[in-house]
Amino acid sequence: MMNISHTEENYLKAIFKICENSVKPASTNAISHILDTSAASVTDMLKRLSEKNLINYEKYKGVTLMPQGRKVATHLIRKHRLWEVFLWEKLNFSWDQVHDIAEELEHIKSSELVEKLDEFLGFPKFDPHGDPIPDADGNFTHRKQFQLLALEEGKTGIIVGVQEHTPSFLKYLEKMDLTLGSEITMLEKFEYDESAKVKINNQTEKTISKKVSQNLFVQEKENY
């Protein structure tokens with residue numbers, strides 16, 4: 001079995017996430033940004049990963065994952081998101097705490113442990129932030145969801161995911177009662193700054209910014 005370091009795993013995961021919702025290859029600058037490292041360091045690592053046949057890399061043309069690289073990345077994501085569920089459900093960590101701890105736990109190599117963890121948790125399909133958990137074969141569960149920003153006036157949606165995972169954003173959502181499973185009705189959209197007046201759980205009316213509404217994913221209530 002190929003020996004892949006924790007740093008190499010992190011690069012493969014970063015490339016996967018950048019390419020996940022894009023048809024374009026991951027750029028060196030995008031990888032540098034997500035991993036908070038220099039472009040020169042990224043270039044050196046990409047050469048190493050290319051030599052291991054984990055990525056397709058051509059200078060100035062971006063990066064894509066080869067089958068083995070994708071397998072490593074999805075397995076890492078699977079472990080990360082399962083650990084987040086465990087920390088949240090079983091150890092009562094808050095959803096703004098689980099990410100950093102899962103970043104460490106995701107590098108545990110034991111496949112048997114991961115499968116036992118999945119079974120123990122009841123085979124969850126989504127993590128505490130609403131992100132899909134790939135199965136043992138790397139397949140993701142997909143659902144119809146869209147940004148709260150796109151919810152029509154008068155319509156009601158259920159919050160099913162968040163796009164931004166920073167602790168400050170998640171803590172803000174908790175204070176606003178905008179957590180997973182919350183019911184949110186679009187009352188009015190304001191053209192000037194694209195903010196919106198919403199009703200939360202059929203009780204409280206609040207005005208939220210464009211930044212908040214474009215970082216929340218919802219499903220229409222009738223499709224939930």
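The values are calculated or read from the model by the stated rules, or taken from the named source; none is laboratory data. Remember, predicted model here, so these are calculated numbers, not experimental data. Backbone-built Cβ (ideal geometry, glycine too); neighbour counts: all protein chains shown. Heavy atoms of the whole protein, side chains included, go into the accessibility calculation; ligands, DNA and RNA do not. Shrake-Rupley method; radii C 1.70, N 1.55, O 1.52, S 1.80 Å.
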Notebook entry, point to check: Which condition does Trp95 not pass, out of (1) free of Cβ contacts under 8 Å to residues at least 60 places away in the same chain; (2) open to solvent by less than 50 Å² (accessible area, probe 1.4 Å), if it passes all the others?
Noted result: (1)
Check: What is the number of the single condition among (1) touching a helix residue (DSSP H, G or I) at 6+ places or on another chain (Cβ under 8 Å); (2) modelled with pLDDT under 95 that Leu121 does not meet?
Finding: (2)
Next item on the list: With respect to Ser22, determine if the residue is open to solvent by 20 Å² or more (accessible area, probe 1.4 Å), out of contact with any helix residue (DSSP H, G or I) (no Cβ under 8 Å at 6 or more places or on another chain), of a type in the set (Ser, Thr, Tyr) and in a helix (DSSP H, G or I).
Entry: no
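So that you can scan it fast, the table gives a plain yes or no per residue for (1) among the basic types (Lys, Arg); (2) within 21 Å of Ser94 (Cα to Cα); (3) at pLDDT 95 or above:
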| residue | (1), (2), (3) |
| --- | --- |
| Gly161 | no, yes, yes |
| Glu164 | no, yes, no |
| Lys206 | yes, no, yes |
| Leu216 | no, yes, yes |
Item checked: the range 100-121: number of residues that are open to solvent by less than 50 Å² (accessible area, probe 1.4 Å) and either over 23 Å from Lys71 (Cβ atoms) or in a helix (DSSP H, G or I) (or both) -> 5
Notebook entry, point to check: Pick from the range 133-173 the residues that are among the β-branched types (Val, Ile, Thr) and part of a loop (DSSP other than H, G, I, E, B): which of them is nearest to Ala73 (Cα to Cα)?
Noted result: Ile133
